[in-house]
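**Q** Mind having a look at this structure? Questions to follow.
The values are calculated or read from the model by the stated rules, or taken from the named source; none is laboratory data. Keep in mind that what you see is a predicted model, and the values were worked out from it rather than measured. As a convention, Cβ positions derive from the backbone with ideal geometry for all residues, glycine included, and neighbour counts pool all protein chains shown. Heavy atoms of the whole protein, side chains included, go into the accessibility calculation; ligands, DNA and RNA do not. Shrake-Rupley method; radii C 1.70, N 1.55, O 1.52, S 1.80 Å.
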Amino acid sequence: MWLLEPELNDTVHHGWIKSLSDNIISKINSFSEEMNTWGYKLRRKYDDQIQSIRQELEATRQSNDMNNSD
């Protein structure tokens, strides 16, 4: 799913060039930090969307229950 995120390419690119060093270990560490930060933000976004959908679902269930009890 995350492969389809529009920010992925920019995040990967920025994470790779962020390290000014030519040392591969430094570049990998920098890249890893960038991806971890992006992943955390992405998880928060999905968690918020899931919570919102759950609230909508619960409101719909309650509305249906009220309509069915009449």
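**Q** For Glu56, tell me the accessible area in Å² from a 1.4 Å probe, rounded to the nearest 10.
**A** Counting only protein heavy atoms, the figure is 110 Å².
**Q** Go ahead and estimate [θ] at 222 nm for the chain from helices alone: -39,500 (n - 2.57) per DSSP H run with n ≥ 4, summed, over the residue count, rounded to 500. Don't skip to the end; give the middle numbers.
**A** Numbers: 2 runs with 55 residues, N = 70.
After summing the helix terms and dividing by the residues of the chain, the value is -28000 deg cm²/dmol.
**Q** I've got another one for you. Would you indicate which of (i) 72, 16, 13; (ii) 42, 20, 20; (iii) 33, 27, 17 is the value of Cα extents along the principal axes in Å derived from the coordinates of this structure?
**A** After the calculation, the listed value that fits is (i).
**Q** Please get the size of the charge dipole for the chain, origin at its Cα centre, with Cβ charges of +1 on Lys and Arg and -1 on Asp and Glu, quoted in debye to the nearest 20. Don't jump to the answer; show the numbers that get you there.
**A** Working: 8 positive and 12 negative charges, 52 e Å.
The dipole of the chain has a size of about 260 debye.
**Q** Specify the angular offset, from 0 to 90 degrees and rounded to the nearest 10, of the alpha carbon long axis of helix 8-17 from the longest principal axis of the alpha carbons in the chain.
**A** Around 30 degrees separate the two axes.
**Q** Okay, next question. Putting +1 on Lys and Arg Cβ atoms and -1 on Asp and Glu Cβ atoms, find which of Ser69, Leu3, Ile53 reaches farthest to the positive end of the dipole of the chain.
**A** Of the listed residues, the answer is Leu3.
**Q** Hey, what angle do you get for helix 24-68 against the long axis of the chain, alpha-carbon based, 0 to 90 degrees rounded to 10?
**A** 0 degrees
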